[in-house]
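The values are calculated or read from the model by the stated rules, or taken from the named source; none is laboratory data. Remember, predicted model here, so these are calculated numbers, not experimental data. No Cβ is skipped: glycine too gets one built from the backbone with ideal geometry, and neighbour counts run over all protein chains shown.
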Amino acid sequence: MKTALITGGAARIGAQIAKTLHKNNFKIIIHCNQSKDKAQLLCDELNLSKADSAKVVVGDLNNIDSINSIIDSVSLIDLLVNNASVFYPLSVDESNSENWNNILNINLKAPFFLAKGLSHKLTSNKGSIINIIDIHADRPLKNHSIYNISKAGLKMLTLTLAKELAPSIRVNGVSPGSILWPQEGAEISEDQKILMLERIALKRQGSPQDIADTVLFLANSNYLTGQIINVDGGRTLNQ
């Protein structure tokens, strides 16, 4: 079995990626920070299906020492999925340096240093990295200025690492469109949801499984690197 580390793997899209990879012969390292209970429940579920096939690693991606501890805890790895992300609305006027550091550290700095720190282990297994980006890396979402910047940076990081780490490591990205409605202070109104769905060519949201299936495809595509796939139901056709 290959081994995959999924950051933010305890819930939502991250958890679905973990389940999908696990069903396809991957051992899973579930990273979490505050969602320890959810991570452990998922880990127990996976281990019940296949013994000793999952474990949990806890770490704050806003802290470089914690990132280094995560790197040190991984002995073997074939796939790094940089999925963890923070998303909350902030206009330019509302933003401060603390917001900047928090969002950039988790959404961009952590993926870079995880990739850097795990690159030698990934090289030994001809492994790959998949970054979960966002369609708003290309076309900014209003009142999410720092978030947009962080995801644009993650897109460039994907392309940069694909060149820098070749030929030993493949690096690709997945850019979700509307998959799950925002939570935890980033909620939107029903009218906003209707307007968003109207802008999607397929007139519906996607699902976490759509993202997980694309991650699995990229993980198994041995001649793909430097590619970013929009999984957005045609949303970018109307932006």
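Kindly list the number of the only condition in (1) modelled with pLDDT of 95 or more; (2) crowded, with 16+ Cβ neighbours inside 10 Å; (3) out of contact with any Lys or Arg (no Cβ under 6 Å at 6 or more places or on another chain); (4) among the aliphatic types (A, V, I, L, M) that fails for residue 90.
That leaves (1) as the condition not met.
In the stretch 4-38, which residues are part of a helix (DSSP H, G or I) and within 20 Å of residue 87 (Cα to Cα)?
Matches in the stretch 4-38: 12, 13, 14, 15, 16, 17, 36, 38.
Starting from the stretch 128-157, keep only residues that are at positive phi, then list their pairs with residues that are in a helix (DSSP H, G or I) and surrounded by fewer than 20 Cβ atoms within 10 Å (Cβ to Cβ) whose Cβ atoms are within a distance under 7 Å, requiring at least 6 positions of separation or different chains.
Note: no pairs meet the criteria.
Are any residues in the stretch 39-80 surrounded by fewer than 16 Cβ atoms within 10 Å (Cβ to Cβ), among the hydroxyl-bearing types (Ser, Thr, Tyr) and farther than 23 Å from residue 109 by Cα, and if so, which ones?
The one that is surrounded by fewer than 16 Cβ atoms within 10 Å (Cβ to Cβ), among the hydroxyl-bearing types (Ser, Thr, Tyr) and farther than 23 Å from residue 109 by Cα: 49.
Give 172, 143 a once-over and let me know the one that is closer than 22 Å to residue 236 by Cα, of a type outside the set (D, E, K, R) and modelled with pLDDT of 95 or more.
Details: 143 fails: modelled with pLDDT of 95 or more.
On inspection, the qualifying residue turns out to be 172.
Mind listing whichever residues of the stretch 169-217 are among the charged types (D, E, K, R) and either over 22 Å from residue 159 (Cα atoms) or touching a residue at least 60 places away in the same chain (Cβ under 8 Å) (or both)? If you could, list the steps in order and put the result at the bottom.
Keep residues of the stretch 169-217 that are among the charged types (D, E, K, R), which gives 170, 184, 187, 190-191, 193, 198-199, 203-204, 210, 213.
Within the stretch 169-217, 184, 187, 190, 191, 193, 198, 199, 203, 204, 210, 213 meet the criteria.
List the pairs whose first member sits in the stretch 67-83 and is in a helix (DSSP H, G or I), whose second member is surrounded by fewer than 23 Cβ atoms within 10 Å (Cβ to Cβ) and of a type in the set (Phe, Trp, Tyr), and whose Cβ atoms are under 7 Å apart, counting only residues at least 6 apart or on separate chains?
Once the first residue is in a helix (DSSP H, G or I) and sits in the stretch 67-83, its partners that are surrounded by fewer than 23 Cβ atoms within 10 Å (Cβ to Cβ) and of a type in the set (Phe, Trp, Tyr) give 67/113.
Does residue 214 fit the bill of being of a type in the set (Val, Ile, Thr), closer than 17 Å to residue 4 by Cβ and part of a helix (DSSP H, G or I)? Talk me through it step by step, then tell me what you get.
Numbers: of a type in the set (Val, Ile, Thr): yes; closer than 17 Å to residue 4 by Cβ: yes; part of a helix (DSSP H, G or I): yes.
Here the answer is yes, as residue 214 does meet what is asked.
Just give me the residues in the stretch 64-106 being aliphatic (A, V, I, L, M) and over 25 Å from residue 176 (Cβ atoms), in sequence order. Outline the logic, then answer.
Step one: of the stretch 64-106, the residues aliphatic (A, V, I, L, M) are 64, 67, 70-71, 74, 76-77, 79-81, 84, 86, 90, 92, 103-104, 106.
Of everything in the stretch 64-106, those that are aliphatic (A, V, I, L, M) and over 25 Å from residue 176 (Cβ atoms) turn out to be 64, 71, 74, 76.
Any idea which of 176, 182, 167 is out of contact with any Lys or Arg (no Cβ under 6 Å at 6 or more places or on another chain) and under 21 Å from residue 19 (Cα atoms)? Full working, then the answer.
On the way: 182 fails: under 21 Å from residue 19 (Cα atoms); 167 fails: under 21 Å from residue 19 (Cα atoms).
Exactly one residue qualifies, and that residue is 176.
Of all residues in the stretch 166-180, how many are touching a Leu at 6+ places or on another chain (Cβ under 8 Å), over 20 Å from residue 107 (Cβ atoms) and aliphatic (A, V, I, L, M)? Quick ask: steps written out before the conclusion?
From the stretch 166-180, those touching a Leu at 6+ places or on another chain (Cβ under 8 Å) are 168-174, 178; that's our starting set.
Among the residues that remain, those that are also over 20 Å from residue 107 (Cβ atoms) are: 168-170.
Next, only the ones that are aliphatic (A, V, I, L, M) stay: 169.
Number of matching residues: 1.
Go through the stretch 104-124 and give me each residue that's closer than 13 Å to residue 165 by Cα and either without any contact (Cβ under 8 Å) to a residue 24 or more places away in the chain or more than 14 Å from the chain's Cα centre (by Cα) (or both).
Once the filter is applied, which keeps residues that are closer than 13 Å to residue 165 by Cα and either without any contact (Cβ under 8 Å) to a residue 24 or more places away in the chain or more than 14 Å from the chain's Cα centre (by Cα) (or both), the stretch 104-124 yields 116, 117, 118, 119, 120, 121, 122, 123, 124.
Taking helices (runs of 4 or more DSSP H) that fall entirely within the stretch 90-199, which contain at least 1 residues that are closer than 25 Å to residue 79 by Cβ and in contact with a helix residue (DSSP H, G or I) (Cβ under 8 Å, 6 or more places away or on another chain)?
Details: elements: 97-104, 110-124, 145-164, 190-198.
Passing ranges, in order: 97-104, 110-124, 145-164.
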